[in-house]
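The values are calculated or read from the model by the stated rules, or taken from the named source; none is laboratory data. Values in this document were obtained by computation on a predicted structure and should not be read as measured data. For neighbour counting, all protein chains shown are included, and Cβ atoms are generated from backbone atoms with ideal geometry for every residue, glycine included.
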Amino acid sequence: MHKLPSDADVARAIGETTIRGEERRDHTARSVRDALAERLGVDPRQLGGLSAEIATRALANLNLTLERLRQLEEEAAVDELTGVYRRGHGMMILTREVRRAFRSPDERLIVAFIDVDGLKWFNDTAGHAEGDRLLKDLTTSMTKRLRSHDIVFRYGGDEFVCILPGANLEGAAPIFAAVAESFSEGGEDRRFSVGLAELREGDTPDGLVARADTALYEARARAGHRRRESNRVQA
């Protein structure tokens with residue numbers, strides 16, 4: 001026959017269970033307070049008076065707020081019309097990629113400066129809605145033909161900058177030829193000019209973009225000369 005526990009044994013067991021429960025609650029509260037303190041960037045001891053329930057609610061609300069802020073930052077970084085990055089965010093990415101390239105053994109990086117040919121004519125003759133569609137079609141062609149890790153951002157108006165990490169001039173040229181072919185599928189009068197600049201020692205992000213911009217105008221001047229020569233031959 002089993003001996004029934006005494007009242008003292010029962011009281012001791014209840015006390016031990018209560019202590020273990022309190023220890024678990026204290027451990028949970030400390031863990032939540034530590035997590036909250038880490039997100040807030042403060043010493044966990046400053047939150048010592050918070051219960052686990054209050055700390056958990058505060059942490060959940062803080063996470064929601066930070067996530068919403070992240071979403072707002074992403075929305076602010078994207079150009080509404082074209083869906084690519086805005087200039088400010090794009091230049092931040094370029095700065096990061098330039099630094100990364102200089103740490104890399106081969107230091108390869110291409111920046112392309114792109115300008116739509118005749119956008120003012122499109123706006124004046126077909127309306128600004130058609131001009132907007134032209135810009136959207138160009139960015140669609142770029143995102144289709146560029147590599148998945150390449151970056152496109154709108155520099156201003158009808159100007160775009162593409163960042164091609166790890167690429168060189170020989171590899172970049174065929175990519176933009178494919179972009180031009182895709183873009184022209186909507187009409188023979190759909191053209192853009194592009195200038196390419198390869199990263200050099202001592203380059204800055206702004207300097208790299210400026211060299212690509214200069215290369216664009218040089219390419220446009222050569223193309224204009226070829227068209228004039230062609231017209232003379234036909235005449």
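Data table
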| item | result |
| --- | --- |
| Single unsatisfied condition, Thr82 versus (1) assigned by TED's automatic domain parsing to the domain that holds Ala197; (2) surrounded by 14 or more Cβ atoms within 10 Å (Cβ to Cβ); (3) not in a strand (DSSP E or B) | (1) |
| Matching option when the condition is hydrophobic (A, V, I, L, M, F, W, C), assigned to a loop (DSSP other than H, G, I, E, B) and surrounded by 20 or more Cβ atoms within 10 Å (Cβ to Cβ), among Ala112, Ala167, Ala197 | Ala167 |
| Qualifying residue in segment 178-192 (condition: surrounded by 19 or more Cβ atoms within 10 Å (Cβ to Cβ), assigned to a strand (DSSP E or B) and modelled with pLDDT under 95) | yes |
| Segment 173-185 residues that are farther than 15 Å from Phe113 by Cα, paired with ones that are of a type outside the set (Val, Ile, Thr) and assigned to a helix (DSSP H, G or I) (beta carbon under 7 Å, 6 or more apart) | Ala178/Arg145; Ser182/Ser141; Ser182/Lys144; Ser182/Arg145; Phe183/Asp137; Phe183/Leu138; Phe183/Ser141 |
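Rundown of residues vs (1) buried (at least 20 other Cβ atoms within 10 Å of the Cβ); (2) within 30 Å of Thr204 (Cβ to Cβ), yes/no style:
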site: Asp106; (1), (2): no, yes
site: Val116; (1), (2): yes, yes
site: Trp121; (1), (2): no, no
site: Thr125; (1), (2): no, no
site: Asp137; (1), (2): no, no
site: Ser148; (1), (2): no, yes
